[in-house]
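Derivation of every value follows stated rules applied to the coordinates shown; laboratory data play no part. The shown structure was predicted, so the numbers you read here are calculated from the model rather than taken from an experiment. Neighbour counts run over all protein chains shown; Cβ positions are idealised from the backbone, glycine included.
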């Protein structure tokens, strides 16, 4: 099959690779990939910054496609890339995203979805109806990250989600997905800040989230809930500065590992900080259902390109010249 193979820092090669072989003893099936999104973690790997993803490796974990062969042949699915064991303490308590034996496609030993085909356990597949284009079905994975963060926040907020003033930092797919998830789950006021002018203009034209330039915020404004969908020093500094006393910071982004938090202010004003990673299997299915039912909006903030042109897409994303939040590659 053809795949987009990561072979070294800033290097992707579109080439022939071996076909995946599903492990039938683990109830794995073959999925013909129709659409796969480029994630920030793929960018980190491409830059050579992720030791968890050594070259050579097929990246990509935001996928949707069709099951090939067997009793599910032709089934339209979106793919949950988190393969959990189902028997450890987190799995048994419903927090399978924290599985101690968790595997993720696009990390060894599992190849990713920047390819024509992918092997996956059947339990990781969620059916999507014919009314949902595959490109939008592939958004279930990145949106589920924000959905999980909002669910956690809703359980912790003193005022409740409906009455909370929510700020989302970052107008990329994680930030937009978090904003749409918050709105879908009943949040009252949700504001997104995005420094990239072209992306901000694009999102304003979409008209589904209230997006603003960071400098346009009232310097006296504060928020009960701040969701950092970027995870850089500067965004953590902003979150620490604008969160209300007694408020909550949800940290999804993995842009950099340290710095930015105002620990003194967090201590003196009882600000809570929760790191949040991925989502549970049930939440992934909930997001797929919300997409199918149209409760997350039109989801038109994608641009689709051929997988063969994927290397150019990475270069453009790194240069900041892409206005659309999500590029979807089509094998």
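Observations on the model:
- Building the convex hull from the alpha-carbon atoms of segment 13-94 and averaging its projection over directions returns 7.5 nm².
- Our summary gives segment 143-275 a relative contact order of 23 percent, counting only alpha carbon pairs under 8 angstrom and 6 or more residues apart.
- Between 0 and 90°, nearest 10: helix 197-206 axis offset from the chain longest Cα axis: 80 degrees
- 0 to 90° range, to nearest 10: angle between helix 281-292 axis and the chain longest Cα axis: 90 degrees
- GNM top mover of 320, 171, 48 - the chain, alpha-carbon springs below 10 Å: 320
- Residues of segment 88-124 with amide N under 19 Å of the 7 Å Cα→Cβ point at residue 289: 94-97, 123-124
- Counting beta carbons within 10 Å around each of 14, 202, 6 and listing the fewest first gives the order 14, 202, 6.
- Mean projected area (nm²) of the alpha-carbon convex hull when segment 217-331 is viewed from all directions: 9.8 nm²
- Among 235, 127, a tally of other beta-carbon atoms within 10 Å of each Cβ gives an order, fewest to most, of 127, 235.
- Globularity ratio of the chain, using Cα Rg and 2.2 N^0.38 Å: 0.97
- Derived value for segment 143-275: Kirkwood hydrodynamic radius 14.3 Å. Basis is the mean of 1/r over every pair of different alpha-carbon atoms.
- Difference of contour (0.36 nm per residue) and Cα-Cα distance, residue 68 to residue 130: 20.7 nm
- Among 298, 220, 151, residue whose mean-square fluctuation peaks in a GNM of the chain (springs only between Cα atoms under 10 Å): 220
- C-alpha long axis of helix 173-184 to longest principal axis of the chain, angle in °: 70 degrees
- Across segment 82-177, counting alpha-carbon atoms alone, Rg and Dmax equal 16.2, 47 Å.
- Most mobile listed residue (245, 109, 81) in the chain, GNM with C-alpha springs under 10 Å: 109
- Considering only the chain, percent of DSSP beta bridges that pair antiparallel, nearest 5: 55 percent
- Spin-label model, residue 298/residue 318: points 7 Å from Cα along the beta carbon direction are separated by 3.3 nm.
- Helical contribution to [θ] at 222 nm, DSSP H n ≥ 4, -39,500 (n - 2.57), averaged over the chain, rounded to 500: -8000 deg cm²/dmol
- Each of 293, 111, 28 has some number of other Cβ atoms within 10 Å of its Cβ, and from fewest to most they run 293, 28, 111.
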